[in-house]
1. Considering only C-alpha atoms, what is the centroid distance from region A:267-317 to region A:334-382, in Å?
2. What distance in nm separates the simple spin-label points at residue A:57 and residue A:137, each placed 7 Å from Cα in the Cβ direction?
3. Residue by residue, what Karplus-based ³J(HN,Hα) values in Hz, rounded to whole numbers, does region A:60-67 have, using 6.51, -1.76 and 1.60 with θ = phi - 60° and x for Gly and Pro?
4. Amide H neighbours of residue A:325 under 5 Å, counting only residues 5+ apart in sequence or on other chains, H built in-plane at 1.01 Å?
5. Dipole of region A:2-190, Cα-centred, from +1 at each Lys and Arg C-beta and -1 at each Asp and Glu C-beta, to the nearest 20 debye?
6. Once you have the alpha carbon radius of gyration of chain A, what is it after dividing by 2.2 N^0.38 Å, with N set to its residue count?
7. Calculate, in nm to one decimal, what residue A:95 and residue A:237 gain on full extension: separation in residues at 0.36 nm each, minus their alpha carbon distance.
8. Cα-Cα over 28 Å: which of A:223/A:317; A:280/A:310; A:326/A:365?
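FYI, it's all coordinate maths here, none of it is from the lab. Small disclaimer: the values here were computed from a predicted structure and weren't measured. Here the Cβ positions follow ideal geometry from the backbone for every residue, glycine too, while neighbour counts run over all protein chains shown.
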Amino acid sequence: MNHKTQQIDYKRELEAASKSMIMVHEPKLLIRMIIRMIVQKVQINHACMILYVPAKDTYVLTISKGERGIKIPEGFARFDKNHPIIKLFNEKQYASLLLNKSAVLTQDLNKLIWQESILNGNNGNQKLLHDVGDQMRMLNVEACVPAKYKDKLLAVLLLGQKRDSTHFEKHELEFFAALASDVAMAIRNAQLFEGLKKESERNHDLFIRTVIVLGRAIEAKDKYTHGHTERVTNYCISIARQMMDNGSASFPDVFFESIYIAALLHDIGKIGIPEAVLNKAGKLNQTEMEIMQQHPMAGGEILKSLSELKESLDGIKYHHERYDGKGYPYKLKGDEIPMIAAIISVADAFDAMMTDRPYRKALTKEEAVEEIKKNIGSQFHPLPARALVELAEQRKI
Amino acid sequence: MPKLLIVDDEIDIREFAKNFFKKRNIDVFTASGGQEAFEIIESEKPDLVLLDVRMEEMTGVELLKKVRDTGNNVKVAMVTGVEEEETVQEAENLGIIGYIHKPLVLEELEKIVLKELNNN
């Protein structure tokens, strides 16, 4: 009767462990839970897990619980591929020794060695089994349970002696094997997850670098704007941060990426403008001005198929709108203008003022800041404009 | 019986290593820090010291220097992390019989210790 209730208990523990496994992307947390649970519920003097470390191509005893002096300290010992316990579970040639066995027990080793001597003579298997026995004695271990995914040994669960000095029972060993298989699955999932994360990071990195290259392509055409894109991008990020710091806005993290991309690409529509207009050494006539003022719209057209860039697109399309509605090309007004565009507008104008143009000399930074101040509420949205003035006053730009 | 002193500020390591070597008929002493170790080296005159490099109050190398400054030539094997190349160099200049990187292979640790103690 007692025996039966214990079995049910294990089953519940196992289910609980499996459930948490789904939630845990860090398999070490799960393993720590399992080891702690085994030591407590099965009442053994120590238990630990050896984990494969791909970067070092070796196995390290990573998680350990139990009585001090008997438990093997975490991170202290490593088990190379030629270690007998690792070899036994990892190398195909020994698979026949473990037939139908989910664990290797010290009390089974002598029987196994005897069987080998009768069946196969001296083929090296006996020596390995002897070595495994020596190792298990050295580590005070009564049972070794492998955790494998396909043919790959991912971890080994080592179990000490039960406190009542009895041997492990069949249902206990089945329980350990199920836990080991959970562990293997958790490690495998974590590896897959890690791989996906890395791939997605790589893709994202490539995307950002492509955006930067596109931004440079625009600059290559427009000889007046060398370095302009990079400076505007930096101002935009600083202004958005300042707006967060002074409490006038609260942007989510993704906003910073959106404005970064929008600022890098804000002038991409200039690609469609003839160089004769773009680089003209005098004031533009009416027709040329109209062509020039199309560039925010043209930029929007170029990028509109990239649905991921929706928020950035707003920044590109509306960066020449004015707070008083006198901007171009859409003539939006006040809060109709998305904040991302209002920020780019201030940053863009601020940098343009400090650059020589065919029709005027560059302003100093102090003069440019004064000019921004003068146009708060007319050309510029008050919040980003004030943020820029604050940054200048604090000498942060 | 040969005498071994284990110096490590982690109690789990001290206790495990103590049991590990006691079984091999070695008289094992442990110390959790540099000062305690220094006193045991003076009083017990161990045949070999297993010395952890990274310890809070006094590093393994500092202890080693202090011991050598008194003219004591006790045999010392260092236990180090992989990233501590410079420290190993410093320790070698002060005279050690060898070092072993953590995580270590237990047989290698055993081999180093038994070889040195049997040489006595």
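1. Comparing the Cα centres of region A:267-317 and region A:334-382, I get a distance of 18 Å.
2. In this crude label model, residue A:57 to residue A:137 measures out at 3.3 nm.
3. After applying 6.51 cos²θ - 1.76 cosθ + 1.60, I find 10, 6, 9, 10, 8, 9, x, 5 Hz.
4. Under 5 Å from the amide H of residue A:325: A:334.
5. On the way: 27 positive and 20 negative charges, 64 e Å.
Value, rounded to 20: 300 debye.
6. Working: Rg = 34.2 Å, N = 397, 2.2 N^0.38 = 21.4 Å.
Ratio of Cα Rg to 2.2 N^0.38 Å: 1.60.
7. Values: separation 142, 0.36 × 142 = 51.12 nm, distance 5.99 nm.
In short, 45.1 nm is gained.
8. A:280/A:310
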